[in-house]
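The values are calculated or read from the model by the stated rules, or taken from the named source; none is laboratory data. Computed from a prediction, not measured in an experiment: that's the story for all the values here. Every residue, glycine as well, gets a Cβ built from its backbone with ideal geometry; the counts of neighbours run over all protein chains shown.
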Amino acid sequence: MTLVEARRMRLQQGITFQTRSGADPLEISDLKLWPLREPKSGRRYTILRLDTRSGLKGYGECAPVSPADHQLARKLAIGSPATAYEILWRKLAAAPTIRAAINMAQLDILGKHAKAPVYQVLGGPTRFKVRGLAPLTGPASLDQAQAAGFKAFAVPAPSNEFRNAGKSYVQKVTTLMDRLRRAASSDADFVLDGGGTMVPGDAQSIAAALERFHLLWFDEPSRVANVGVIKKVASESVTPLGFGRTLREPGEFQDLLREDAVDILRPDLSLHGISQIRRIAATAETYYIAVAPYHDGGPLATAAALQLAASLPNFFIQQIPLPADPADREMRAALLSSTPETIKDGFAPLPTAPGLGVIVNEPALDRYKEVA
């Protein structure tokens, strides 16, 4: 252990001592997981339940959880007060796959205890509806997304068999966007999702060619490996750029902001949870940068995303999964008593019930639980 680590541990012990208050009815008494997998898309996510001594239960969602993180989380969470969500977040730094779900579940408990939605507990709403972004699986899914009420769409960039394909690949992308523009309503907006697969040369050419489409932004055109290269792409086009869904540390977002290399930050909800994204968004706000959290999980995380969106002054739009197969949609509808994924005229209403605003259907979780 270094001297710096020793000093910080000593300070942390002092902070923890101040949070101890004897018997607490909101002390966490148990932790349970349901690993889930959608039958057709194969999308995987985990729903977590925290129990408290008072009987209140809170739910959260994250990506698949490693056995080591599960065991460490049980050790650290059980016996901790559900209200100390910031303290437990720091303690769970060594269990990154599960702490987003625990953070959501603690806030769910706190909201239920206060008989208020999470966004009210966090200071009150900054908006009264949340704009939704539907990720398309291909041109054919545009009709389904429009019928579901969406007016903003994330389009996966076409596959590129050659690196540095140049003009032929640019033509391929612009042809796709022209086709979607003609098929969509006049007030539709688009995001091109590069998936971090393009070399900087292709990313620069495509960003310039897409200026006439007035995209909401060009998402993850290249991997966030060299901020200098990304900054060069950003400086040569007026097409906004979005990055962040693969970043794990807050300092990595700070690097993008400091170098003026990003227009939209995209922290992953299943990785960062509500509290961490609020901290990232607060930093981004000082740079006049908006936040559009990345979300490719289940409906419980959608409910958490709406609570988060309502609490962020610089929130822009929320990605909401839209499964193409009826079996996947049936599963998502069964997991909760009411779906938070209802879109009207491009927006989702804010939940008004306490906590995350939804009731989890545990028999459905048991039915769809993925067998290891």
Practice prompt. Could you pull out the residue among 258, 245 that is crowded, with 23+ Cβ neighbours inside 10 Å and of a type in the set (Lys, Arg)?
Written response: 245
Discussion item. So for the range 99-110 (the condition being at negative phi, in contact (Cβ under 8 Å) with a residue 60 or more places away in the chain and touching a His at 6+ places or on another chain (Cβ under 7 Å)), does at least one residue qualify?
Written reply: yes
Item to complete: Specify the residue that is nearest to residue 278 (Cα to Cα); the eligible residues are those in the range 125-144 that are loosely packed, with under 15 Cβ neighbours inside 10 Å and free of Cβ contacts under 8 Å to residues at least 60 places away in the same chain.
Response: 138
Worksheet, complete the sentence: Within the range 24-79, of all residues that are among the hydroxyl-bearing types (Ser, Thr, Tyr) and within 22 Å of the chain's Cα centre (by Cα), the one farthest from residue 306 (Cα to Cα) is 66
Worksheet entry | Checklist (1) farther than 21 Å from residue 89 by Cβ; (2) surrounded by fewer than 24 Cβ atoms within 10 Å (Cβ to Cβ); (3) touching a residue at least 40 places away in the same chain (Cβ under 8 Å); (4) of a type outside the set (Ser, Thr, Tyr) applied to residue 271, failing item | (1)
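Taking the range 343-366 on its own, how many of its residues are surrounded by 13 or more Cβ atoms within 10 Å (Cβ to Cβ) and not aliphatic (A, V, I, L, M)? Steps first, answer last, please.
Within the range 343-366, the subset surrounded by 13 or more Cβ atoms within 10 Å (Cβ to Cβ) is 343, 346-351, 353-358, 360-362, 364-365.
From what's left, not aliphatic (A, V, I, L, M): 346-347, 349, 351, 354-355, 357, 361-362.
Residues that pass the stated criteria total 9.
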Discussion item. Quick check on the range 345-372: of everything there that is of a type in the set (Asp, Glu) and over 21 Å from residue 110 (Cα atoms), which residue is modelled with the lowest pLDDT?
Written reply: 370
Practice prompt. Please identify the pairs in which a residue from the range 188-208 that is within 11 Å of residue 173 (Cβ to Cβ) and in the same structural domain as residue 262 (by TED's automatic domain parsing) has its Cβ atom under 8 Å from the Cβ atom of a residue that is part of a strand (DSSP E or B) and of a type in the set (D, E, K, R), counting only partners at least 6 apart or on another chain.
Written response: 192/219; 194/219
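Looking at this structure, is residue 123 closer than 30 Å to residue 27 by Cα, under 21 Å from the mean Cα position of the chain (by Cα) and in a loop (DSSP other than H, G, I, E, B)?
Numbers: closer than 30 Å to residue 27 by Cα: yes; under 21 Å from the mean Cα position of the chain (by Cα): yes; in a loop (DSSP other than H, G, I, E, B): yes.
The answer is yes for residue 123.
State which residue is nearest to residue 273 (Cα to Cα) when the search covers only the range 82-92 and only residues that are in contact with a strand residue (DSSP E or B) (Cβ under 9 Å, 6 or more places away or on another chain) and crowded, with 20+ Cβ neighbours inside 10 Å.
Here the residue is 88.
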Worksheet item: Among (1) surrounded by fewer than 23 Cβ atoms within 10 Å (Cβ to Cβ); (2) in contact with a helix residue (DSSP H, G or I) (Cβ under 8 Å, 6 or more places away or on another chain), where does residue 106 come up short?
Response: (1)
Response to the item:
Of the candidates 110, 142, the one satisfying the condition of being in a helix (DSSP H, G or I) and in the same structural domain as residue 184 (by TED's automatic domain parsing) is 142
